[in-house]
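Okay, so here's the structure we're looking at.
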Amino acid sequence: MKKFFIILFISCFSLTACAPNFGGGGQQEIVQETTNNSEEKAIIPKDSISDSYYKMILPFKPGKARGLITERLNTRLDIDEFETGLMRVAQETFPISDDYLYQEGQYLEEDTVKAWLKRKLTPEEFEEAQKAAKDKKDKKPVKNLGLNPPAATGGTAKENNEKSPIYLAHMLEHNYLVRKGDNTVELGGVVIGLALNSVHYYNEEHGYPREYNITKKEIEEKGKEIASEVLSRVRSMKGLEKVPIVIALYQQEGESSIVPGNFISKTVVKGDSIGKWESINEQHVFFPSEAATKTNRDDATTFNRFKADIDEFFPNYTGVIGKAFYKNDELQTLKIEIPMQFYGKAEVIAFTQFIKDKVTNYFPKYIELEVNISSSNGQEALILLSPDDEKPTVHIYN
C-alpha cells in the first residue's frame, strides 16, 4: 500500500571494518566504493517503507552539507518539499527499484556550499579581500566562488536590491548508488537541487524591511545560468567526471506562504554541458482560498461542498483546511486537517465515521488522501485512502 505521507530516516553509528548487524532476516551485506576510492562494508535493508521511497544504505551517512537547509530556506514547508520533491524528480531518471539505492550527498562539502551561495565579489572587493587575508597572514587562498550576482551600488537601497537580488538560496545534493555485481554498489547518479528565491528581502537605508518579488521568468533564466556554472564545477570533482547528473530548479515561496514552492525545471546531463531543459508542472494549493478557486475551480467547489456538509451535521468543529498537490494539472495528493471540540470518545467515533463516508463520496479514488482529525488534546483520528485500497484505513487514537 502506498503512503506518501510517512518518511523514515534512520540514524546509525559510523561504519567500522565489519558491517554491523541491524537485525531481521533478509538484509544484504554489500561493499560500497567511497569518495576516496576505498571500500566499506554496508547493509541494504530487506524492505523499503513503500514503493514510493528508495531503500537507503545503512548505517545512514549524513550529507556533507547537513543542516544548512534549515538556515537557507524560508519555511518548514519549503524545507520538506525541497528534500522530498528532489527524490520525486530523481525517480524519473533513477527509478525506484532494487538497482538504485539512496544516499545523502557525499561530495559537496559544507564550506563549498556556503562559498557558492555567497554573492560574487566585484574586482575591487576581491582585491580588498586578498589584501585583508595577506595582512592577517592567512595562508588560505581567497577564492571568489559566489554564484549570486555582485551587490549593485550607486543607487538607493531599493534600486540596488531590485537590480541585483539574491537568486540562489540553497543547493542540495543527493547520491544514487547502483549495484555492480551481486554484492557491490557504486555511484550511479547525482541529483542537485537549486532552491531559488521568488522573494528577495532587504532593508532600506533607515532599516525598514522591504521585499522584491522576482518573476518566474527571471528565476528560471538566472537558475539555468547558475546551473551551468554548478555543472562545470561539479564535473571537476574527483569521482563526478562522468557520472549522470540531474539538476532541478526549485522556486521557493515567501516567508508568509501557507503552501510550499515547487520545482519548475530540470535537466539530465551525461556529458560536460547542459543541453535540453524540461519544464516541471507542479503546484501546491490551499483549500479554501481565492487562489484555489481561481486555478482549480472544480476541486475547490468539491472541497467547499465537503466543508458545508460538516458545517451542517457537526457544528462543534472549528474549521477544515486542505493542502493539495498537483502534477501536470492533475490532483495527486490531498491532506485534510479537521480540528474539533472534544466532548467524548463516542462523538469522535461518530464524527470519524461521518468523515470517512464523505471523503469516499466527494474525492476521486485515484489520489492519495489523508485526513487528520484533532482536538486540543491532540490527534483524535486518522483516515488514509490510496488508489490501491478498496476502502479507507481508519484509526481512532486512544
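The values are calculated or read from the model by the stated rules, or taken from the named source; none is laboratory data. Everything numeric in this text was worked out from a predicted model, so none of it was measured. Counting neighbours? That spans all protein chains shown, and the Cβs are built from the backbone with ideal geometry, glycine included.
If you take the residues in the stretch 313-339 that are assigned to a strand (DSSP E or B) and either in the same structural domain as Val259 (by TED's automatic domain parsing) or among the charged types (D, E, K, R) (or both), which one is nearest to Gly378 (Cα to Cα)?
The selected residue is Glu337.
Out of (1) hydrophobic (A, V, I, L, M, F, W, C); (2) in contact with a Gly (Cβ under 6 Å, 6 or more places away or on another chain); (3) part of a loop (DSSP other than H, G, I, E, B), what's the single condition that is false for Phe342?
(2)
Looking at the stretch 139-156, is at least one residue at pLDDT below 90 and either of a type in the set (D, E, K, R) or touching a His at 6+ places or on another chain (Cβ under 9 Å) (or both)?
Scanning the stretch 139-156 turns up at least one residue that is at pLDDT below 90 and either of a type in the set (D, E, K, R) or touching a His at 6+ places or on another chain (Cβ under 9 Å) (or both).
Give the residue that is surrounded by the fewest Cβ atoms within 10 Å (Cβ to Cβ), with candidates limited to residues of the stretch 359-370 that are within 19 Å of Phe313 (Cβ to Cβ) and out of contact with any helix residue (DSSP H, G or I) (no Cβ under 6 Å at 6 or more places or on another chain).
Asn361
Out of the stretch 125-159, which residues are surrounded by 10 or more Cβ atoms within 10 Å (Cβ to Cβ), in a helix (DSSP H, G or I) and not aliphatic (A, V, I, L, M)?
Correct list: Glu125, Phe126, Glu127, Glu128, Gln130, Lys131, Lys134, Lys158, Glu159.
With charged (D, E, K, R) and either under 14 Å from His170 (Cα atoms) or modelled with pLDDT under 95 (or both) as the only criterion, which of Glu253, Glu221 stands out? Steps first, please.
Numbers: Glu221 fails: either under 14 Å from His170 (Cα atoms) or modelled with pLDDT under 95 (or both).
Criteria check complete, one pass: Glu253.
Given the conditions (1) buried (at least 16 other Cβ atoms within 10 Å of the Cβ); (2) of a type in the set (Val, Ile, Thr); (3) free of Cβ contacts under 8 Å to residues at least 40 places away in the same chain, report the number of the one that Ile274 does not fulfil.
Here Ile274 clears every test but (3).
(1) part of a helix (DSSP H, G or I); (2) surrounded by 14 or more Cβ atoms within 10 Å (Cβ to Cβ): which one isn't true of Pro165, the others all being true?
(1)
Return the residue satisfying two criteria in turn: it lies in the stretch 89-111 and is surrounded by fewer than 18 Cβ atoms within 10 Å (Cβ to Cβ) and among the charged types (D, E, K, R), and of such residues it is farthest from Asn281 (Cα to Cα).
The residue in question is Asp111.
Could you list, in sequence order, the residues of the stretch 175-230 that are in a strand (DSSP E or B) and farther than 30 Å from Met56 by Cα? Walk me through how you get there before you give the answer.
We begin by selecting, within the stretch 175-230, every residue in a strand (DSSP E or B); these are 175-179, 184-197, 199-203, 209-213.
The answer is Asn197, Val199, His200, Tyr201, Tyr202, Asn203, Pro209, Arg210, Glu211, Tyr212, Asn213.
Pull up the stretch 188-213, narrow it to residues that are surrounded by 19 or more Cβ atoms within 10 Å (Cβ to Cβ) and among the aliphatic types (A, V, I, L, M), then point me to the one that is farthest from Leu117 (Cα to Cα).
Val190
For the stretch 108-145, which positions are among the hydroxyl-bearing types (Ser, Thr, Tyr) and within 23 Å of Arg66 (Cα to Cα)?
Thr112
I'd like to check something: does the stretch 380-397 contain any residue that is outside any strand (DSSP E or B) and under 19 Å from Ile321 (Cβ atoms)? So that I can check it myself, show each step before the final result.
Narrowing the stretch 380-397 to residues outside any strand (DSSP E or B): 386-392, 397.
Going one step further and asking which of them are under 19 Å from Ile321 (Cβ atoms), we end up with none.
No, the stretch 380-397 has no match at all.
Based on this model, can you work out whether Glu218 counts as surrounded by 13 or more Cβ atoms within 10 Å (Cβ to Cβ) and farther than 25 Å from Gly67 by Cβ? Lay out the reasoning, then the answer.
Values: surrounded by 13 or more Cβ atoms within 10 Å (Cβ to Cβ): yes; farther than 25 Å from Gly67 by Cβ: yes.
It is true that Glu218 is surrounded by 13 or more Cβ atoms within 10 Å (Cβ to Cβ) and farther than 25 Å from Gly67 by Cβ.
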